[in-house]
1. Around V77, which amide H atoms from residues at least 5 apart in sequence, or from another chain, sit under 5 Å from its own amide H, with H modelled in the peptide plane?
2. Apply the Karplus parameterisation 6.51 cos²θ - 1.76 cosθ + 1.60, with θ equal to phi minus 60°, to every residue of region 49-54 and state each ³J(HN,Hα) to the nearest whole Hz, in sequence, with x for glycine and proline.
3. Just one of (i) 71; (ii) 51; (iii) 58 is percent of Cα pairs over 17 Å apart as worked out from the coordinates here. Which one is it?
4. Across region 61-74, in residue order, what do the Karplus-derived ³J(HN,Hα) couplings come to in whole Hz, using 6.51 cos²θ - 1.76 cosθ + 1.60 with θ = phi - 60° and x for Gly and Pro?
5. Between L38 and A89, with labels modelled 7 Å along Cα→Cβ, what's the label distance in nm to one decimal, could you check?
6. With a probe of 1.4 Å, find how much accessible area the chain has per residue, and write the answer as a whole number in Å².
7. Amide H neighbours of Y18 under 5 Å, counting only residues 5+ apart in sequence or on other chains, H built in-plane at 1.01 Å?
Amino acid sequence: MQFREAANSSGKEVEIIYVPSDRQAADVVKRTSSMNMLSVPIGEEADAMKRKYKIWAGAESLKLGMGRRSGVPALVVLDKSGDEVAFIAAESKGAKALGDWLLDDSGLW
């Protein structure tokens, strides 16, 4: 993950936590292992995170509702206390969306 490496080398440590929409736990393990990231377990914990931040796959709308702000992928940036400081809608832009998130000296990014 070039973005995480660049952030960490600039002194701004980043941890990416994957909230899965995968149907199989083995798929989550494969994805997170290949990208060296943590994940939330499939099921109620992942669904709670999706509801909290209003991000889920269209195929999950029957289960989670229609009130989402974004599909997947998307990034929610949290500060150390868990409060949201930025939202990056990557569904349409993909990895290029990270270019919209400027690393600054505010302490929050």
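1. V85, A86, F87, I88
2. 5, 4, 5, 4, 9, 6
3. Checking each listed value against the structure points to (iii).
4. 5, 4, 7, 9, x, 9, x, 7, 9, 7, x, 10, x, 8
5. 2.8 nm
6. With the other protein chains kept in place, the chain gives 68 Å² per residue.
7. Those qualifying (amide H under 5 Å, at least 5 residues apart or on another chain) are L38, S39, V40.
The values are calculated or read from the model by the stated rules, or taken from the named source; none is laboratory data. No experiment lies behind these values; they were computed from the predicted model shown. Positions of Cβ are generated from backbone atoms using ideal geometry, with glycine treated the same way; all protein chains shown enter the neighbour counts. Note: areas computed on protein heavy atoms with side chains; ligands, DNA, RNA excluded. Shrake-Rupley method; radii C 1.70, N 1.55, O 1.52, S 1.80 Å.
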